[in-house]
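Peer 1: Mind having a look at this structure? Questions to follow.
The values are calculated or read from the model by the stated rules, or taken from the named source; none is laboratory data. Everything numeric here is computed off the predicted structure, so don't read it as measured data. When we count neighbours, we look across all protein chains shown, and the Cβ atoms used for this are built from the backbone with ideal geometry, even at glycine.
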Amino acid sequence: MSRQTGLLVAQLLNRFMWFDGALQRNLEKRGWGGVRRLESMTMIYVHAGIRRPSELARLIGVTRQSMNTALRELEDKKLVRLQPDPKDKRCKIVEFDPAGAAMRHEALNVIEELEALLDERLGEGTADRLAGILDADWGEAPLLNADGERKKKEAI
């Protein structure tokens, strides 16, 4: 099977949009609308265990100011709350607000249904294989030379 070089990143982004769009539409249909993409991405990362606003901003690729705005909106919707970080009193950590448990449960149900749909459409075990590929250690993002060759790490 041949593929066009250079499209993989677009395909990954497109499939993320497929998941997020389906999640948004299904939550709206079930009465849980009003969560923007940045907010849903934040919720997904918090579910994965990322708790510091600065780390959330870095991973999602937004400014700390944008992340703080999203977190305030999620707090207003009673989906998350910011608590003092027990390891560093100058920082906050994000945790789920118990008041938003029903919406989070519904979102996880939708995601579970979407993953099952992938298996139906693309073959049994597709979601597990895809998760394994994405969870594999890809190593640090490399720095390439201008000619496209990977730079060799200098011996210490």
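Peer 1: Cβ-Cβ under 8 Å, sequence separation 6+ or interchain: first residue in segment 126-147 and closer than 30 Å to E112 by Cβ, partner surrounded by 10 or more Cβ atoms within 10 Å (Cβ to Cβ). Which pairs?
Peer 2: As it stands, the answer is T126/L118; T126/D119; A127/E115; A127/A116; A127/L118; A127/D119; L130/L118, since those pairs meet every condition given.
Peer 1: Are there any pairs, at least 6 apart or on different chains, whose C-beta atoms fall under 6 Å, with the first in segment 70-95 and over 15 Å from A57 (Cα atoms) and the second of a type in the set (A, V, I, L, M, F, W, C) and part of a helix (DSSP H, G or I), and if so, which?
Peer 2: K78/A99; V80/L74
Peer 1: Condition test on R36, is it of a type in the set (K, R), surrounded by 11 or more Cβ atoms within 10 Å (Cβ to Cβ) and at pLDDT 95 or above?
Peer 2: The answer is no for R36.
Peer 1: Sticking with this one: Take the conditions assigned to a loop (DSSP other than H, G, I, E, B) and either touching a Phe, Trp or Tyr at 6+ places or on another chain (Cβ under 6 Å) or under 19 Å from E106 (Cα atoms) (or both) and apply them to W32. Does it pass?
Peer 2: Answer is yes for this residue.
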